[in-house]
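The values are calculated or read from the model by the stated rules, or taken from the named source; none is laboratory data. Note that this is a predicted model, so its numbers are computed, not measured. Note: ideal-geometry Cβ built from the backbone for every residue, glycine included; neighbour counts use all protein chains shown.
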Amino acid sequence: ELVEEEDKKADAAKKALKEKEYAPVPPEWVLQPPIAKGGLAEKFRTGRCIGKGGFAMCYEGELRSKQQGMNKTIFALKVVKAKMSQKKMEEKFRTELQIHAKMQHPNIVEFHRAFTYQESTYVVLELCSNGSVMDMVKKRRCLSLPEVRRYTVQLCGAIKYMHARNVIHRDLKMGNLFLDQEMNLKIGDFGLAAVLVSKEEYQLGLYENAKKRRTTLCGTPNYIAPEILEKGKGGHDYKVDIWAIGVIVFAMISGQPPFQSASQNEIYRRARSLEYDWPQKDKHFNDIPDEVKDLVAQLLKVDAEERPDADQIVSHPFFSMHGGDAMPLVMEESFTREIP
Ligand code: ADP
């Protein structure tokens, strides 16, 4: 049985729904006020509900007014929980707006706009109609090696792009990896992301802030790198994302995160001592190839410095084993917007 923090999140969402403090059902039409003076308003027709999270309900939204530079018409329209205080809202969206809006990569959920209409806050995102990798693993129990290869290469492409711009995601997990119509992986939810300006600045300001938010808003223990938990131990940097990739690769292959335990402290203890077991060969699993085990061992290094970067990950033998069925190793880099 796959138990994960997303389940808890869903439970919390249900509870919130019960308590009627959840995001309001949007009206049939949602108008985004013109961005520029004298510009045109954008009009979205709201469609079916496609998901709920701790902070928002997500609907399909069809853009009805023709907008320059927009060739798509169906988007994900996130309606933010109404009763969130202004301060909480700002905290939640500051990073999403500032960082997510500047990310443009084929494997990152495209952020279009955020606006307020009739006292609700809406976020317009690229629609990922096939849910998340988490949903897929839940349904299928585990993924095949070619699938894991493909998703990992796509994930590494996006991570390479982000890290090259000093952006750390810090909340990579299967539930934040969305899948579009063509089953391409798209990283979403930049709520905990940070721009690594300088080590000092990071440790002093953003680090404390993010840590506070992690415990108050998120609490996602399964994917947290050991150095994040070590107080006063030189801070952490973009290698926390690499640790999370290790957890994700393990989880995609074996159906649950490596350090899964009943208590948070036990998860942390097992992570620090690298206590994880690969599933035995049975009716669900074939023998897990050594290449897979080695890749995960490289990613889950307690010493962050020893973890590979995105380029090194995709050059691992796991991606070229069995000759023909390996995926093309294209690290796509297409973008126009830059982090200032
Ligand atoms: P929160 O920030 O409140 O946790 P999420 O970002 O997790 O909200 O979104 C809530 C749910 O909405 C997700 O679990 C998912 O089902 C759906 N969702 C979010 N973004 C998209 C998207 N771009 N495309 C399709 N569905 C999405």
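State yes or no: is F178 buried (at least 16 other Cβ atoms within 10 Å of the Cβ) and at pLDDT 95 or above? So F178 fits the description; yes. Taking region 176-195 as the range and being more than 10 Å from the ligand (Cβ to nearest atom) and not aliphatic (A, V, I, L, M) as the test, the residues that pass are Q181, E182, N184. Number of residues in region 139-175 that are within 14 Å of the ligand (Cβ to nearest atom) and surrounded by fewer than 18 Cβ atoms within 10 Å (Cβ to Cβ): the value is 1. E1: more than 27 Å from V137 (Cβ to Cβ), at pLDDT below 85 and either charged (D, E, K, R) or surrounded by 15 or more Cβ atoms within 10 Å (Cβ to Cβ) (or both), yes or no? It is false that E1 is more than 27 Å from V137 (Cβ to Cβ), at pLDDT below 85 and either charged (D, E, K, R) or surrounded by 15 or more Cβ atoms within 10 Å (Cβ to Cβ) (or both).
The residues of region 122-134 that are over 17 Å from G191 (Cα atoms) and more than 8 Å from the ligand (Cβ to nearest atom), listed by number, are N130, V133, M134. Considering the conditions (1) within 18 Å of the chain's Cα centre (by Cα); (2) more than 9 Å from the ligand (Cβ to nearest atom); (3) modelled with pLDDT of 70 or more, R94 is excluded by exactly one of them, (3).
Going by the conditions given, is Y223 within 16 Å of the ligand (Cβ to nearest atom), hydroxyl-bearing (S, T, Y) and modelled with pLDDT under 90? Break it down into steps so the answer makes sense when it comes.
Numbers: within 16 Å of the ligand (Cβ to nearest atom): yes; hydroxyl-bearing (S, T, Y): yes; modelled with pLDDT under 90: yes.
Yes; evaluated as a whole, the condition is true for this residue.
Taking region 257-304 as the range and being among the hydroxyl-bearing types (S, T, Y) and touching a residue at least 24 places away in the same chain (Cβ under 8 Å) as the test, the residues that pass are Y268, Y276.
Being at pLDDT 85 or above and within 12 Å of the ligand (Cβ to nearest atom) is true of I50. The condition of being within 13 Å of the ligand (Cβ to nearest atom), surrounded by 14 or more Cβ atoms within 10 Å (Cβ to Cβ), modelled with pLDDT of 65 or more and within 18 Å of D189 (Cβ to Cβ) holds for only one of K8, K78, that being K78.
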